[in-house]
Amino acid sequence: MTEGGASVGDYVRSGVAAGLIRLDLNEAAREITRPFRDRVLELLAAGSWRRYPEIDGRATRAAAADLYGWSVAGTLAGNGSNDLLAAAARALLPRGGAVAALSPSFSMYPVLARRQEARLLAVRLGPPDFMPAREEMLAAAAAADLVLLCSPNNPTGGEITAAIWTEVLALGKPTIWDAAYAEFAGMDTIPWLRRHPNLLVLRSLSKAWGLAGMRVGALLGAPDLLELVAAQLLPFGTGWMVAAAYQAASELRALGAELVAEIVAERERQVSALERFEGVEVAPSAANFYLLRRPGLTGTQLAEALAARGIAVRDIPELNESGHVRVTVGTTAEGDLLLAAVTEVCGV
């Protein structure tokens with residue numbers, strides 16, 4: 001019996017065997033704490049559910065703007081960052097145009113390119129550090145109508161350097177920074193937004209706040225650029241749940257910081273332990289996941305061997321030959337089970 005497999009449009013997610021420890025989805029290691037849940041429920045209980053939300057989600061946008069330290073006029077809120085990413089692609093990527101992105105990166109990017117009948121100008125990433133080559137990155141960005149970069153990048157975990165960001169943004173092309181994992185890198189995108197009116201930044205409460213099931217995201221940028229994206233959204237697009245989540249996060253931001261600190265500490269513990277294993281390689285990561293490799297095994301073989309020991313990890317087709325799999329940082333107990341499974345698989 002498998003769970004989690006499905007397809008929507010041309011986006012496909014494979015299922016995994018039931019009962020495995022799920023370290024394949026980049027979900028938070030634990031639920032957000034009770035005070036946050038209680039505040040969300042309190043906000044929902046205080047509202048009138050029979051009433052439509054604001055047509056433009058202004059209160060939600062204001063709470064998100066407060067959380068991220070940006071202007072209300074420069075903030076959009078959505079049902080997850082994917083909602084806003086799709087709208088931005090429709091607004092900024094001409095049909096039949098070209099989009100520059102890293103490869104491998106978030107699997108939605110090729111889907112969005114195909115929906116716009118656009119060419120995907122892929123900047124290849126490879127071991128050991130999975131960093132983009134400056135010349136290739138700039139050439140792709142210069143030839144693109146839209147630049148779409150994830151940093152820290154999913155699934156590789158690396159960050160684009162400030163020097164490359166500066167040169168890419170200087171080209172003046174509409175550029176989306178998918179910062180879904182920014183909290184785990186201690187990264188502040190606001191100074192970049194202040195300097196570059198062609199930059200849009202995607203944020204999410206899915207990872208650092210453990211709210212993947214609530215679908216809460218935001219898009220930050222210059223108001224005139226955001227107007228183009230907003231034109232692709234529907235009125236009354238986000239309901240009271242998204243508003244309550246952002247309001248609670250704005251009020252209780254220390255709870256998100258605590259969860260991030262726990263995950264970062266566990267990531268470093270796991271990586272440090274794995275680096276002491278002979279014959280095991282871990283790629284540098286600034287996210288809530290990392291790439292793991294056992295030379296001599298393909299990615300599929302390593303994923304299957306770990307699944308046989310109760311651990312589900314993400315098998316990345318583009319990295320199968322190099323042997324890398326993506327491992328989400330779970331709880332300390334899950335980390336101990338992972339380390340034990342790797343010890344068995346790799347004979348260390």
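The values are calculated or read from the model by the stated rules, or taken from the named source; none is laboratory data. Keep in mind that what you see is a predicted model, and the values were worked out from it rather than measured. Methodologically, a virtual Cβ is constructed for each residue, glycine included, from the backbone with ideal geometry; neighbour enumeration extends over all protein chains shown.
Computed values, structure above
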| quantity | calculated |
| --- | --- |
| Residues that are free of Cβ contacts under 8 Å to residues at least 40 places away in the same chain and within 18 Å of GLU318 (Cα to Cα), drawn from region 120-145 | LEU120, LEU121, ALA122, VAL123, ARG124, LEU125, MET131, PRO132, ALA133 |
| Total residues in region 213-232, condition surrounded by fewer than 23 Cβ atoms within 10 Å (Cβ to Cβ) and in contact with a helix residue (DSSP H, G or I) (Cβ under 7 Å, 6 or more places away or on another chain) | 4 |
| Test result for GLY96, modelled with pLDDT under 95 and either in contact with a Lys or Arg (Cβ under 6 Å, 6 or more places away or on another chain) or over 28 Å from PHE289 (Cα atoms) (or both) | no |
| Unique match (being out of contact with any strand residue (DSSP E or B) (no Cβ under 8 Å at 6 or more places or on another chain) and closer than 21 Å to ASP129 by Cα) among GLU268, GLU262 | GLU268 |
| Within region 193-216, tally of residues that are in contact (Cβ under 8 Å) with a residue 24 or more places away in the chain, within 28 Å of THR328 (Cα to Cα) and assigned to a helix (DSSP H, G or I) | 2 |
| Odd one out for ALA257, checked against (1) touching a strand residue (DSSP E or B) at 6+ places or on another chain (Cβ under 6 Å); (2) within 30 Å of VAL40 (Cα to Cα); (3) of a type outside the set (Phe, Trp, Tyr) | (1) |
| Condition met for ASP178 (in contact (Cβ under 8 Å) with a residue 60 or more places away in the chain, under 30 Å from ARG30 (Cα atoms), in contact with a Gly (Cβ under 7 Å, 6 or more places away or on another chain) and of a type in the set (Asp, Glu)) | no |
| Those residues of region 298-319 which are part of a loop (DSSP other than H, G, I, E, B), surrounded by 19 or more Cβ atoms within 10 Å (Cβ to Cβ) and touching a Gly at 6+ places or on another chain (Cβ under 8 Å), in sequence order | ILE316 |
| Some residue of region 271-281 being small (Gly, Ala, Ser), under 21 Å from SER103 (Cβ atoms) and either modelled with pLDDT of 95 or more or part of a loop (DSSP other than H, G, I, E, B) (or both) | no |
| Qualifying position, being in a strand (DSSP E or B), within 15 Å of the chain's Cα centre (by Cα) and among the aliphatic types (A, V, I, L, M), among ALA101, ALA180, ALA86 | ALA101 |
| Total residues in region 28-52, condition of a type in the set (D, E, K, R), part of a loop (DSSP other than H, G, I, E, B) and exposed (fewer than 11 other Cβ atoms within 10 Å of the Cβ) | 2 |
| Selection status of GLY172, on the phi > 0 side of the Ramachandran plot, free of Cβ contacts under 8 Å to residues at least 60 places away in the same chain and not in a helix (DSSP H, G or I) | yes |
| Yes/no for THR166 being modelled with pLDDT of 95 or more, in a helix (DSSP H, G or I) and more than 15 Å from ALA88 (Cα to Cα) | yes |
| Restricting region 258-289 to residues that are among the polar types (S, T, N, Q) and buried (at least 19 other Cβ atoms within 10 Å of the Cβ), the residue that is nearest to THR33 (Cα to Cα) | ASN288 |
| Selection from region 203-255 of residues that are charged (D, E, K, R) and more than 21 Å from the chain's Cα centre (by Cα) | ASP224, GLU227, GLU251 |
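To keep it simple, each residue is scored yes or no on (1) part of a loop (DSSP other than H, G, I, E, B); (2) modelled with pLDDT of 95 or more; (3) charged (D, E, K, R).
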| position | (1), (2), (3) |
| --- | --- |
| SER105 | yes, yes, no |
| VAL123 | no, yes, no |
| GLY126 | yes, no, no |
| ALA139 | no, yes, no |
| VAL147 | no, yes, no |
| GLY157 | yes, yes, no |
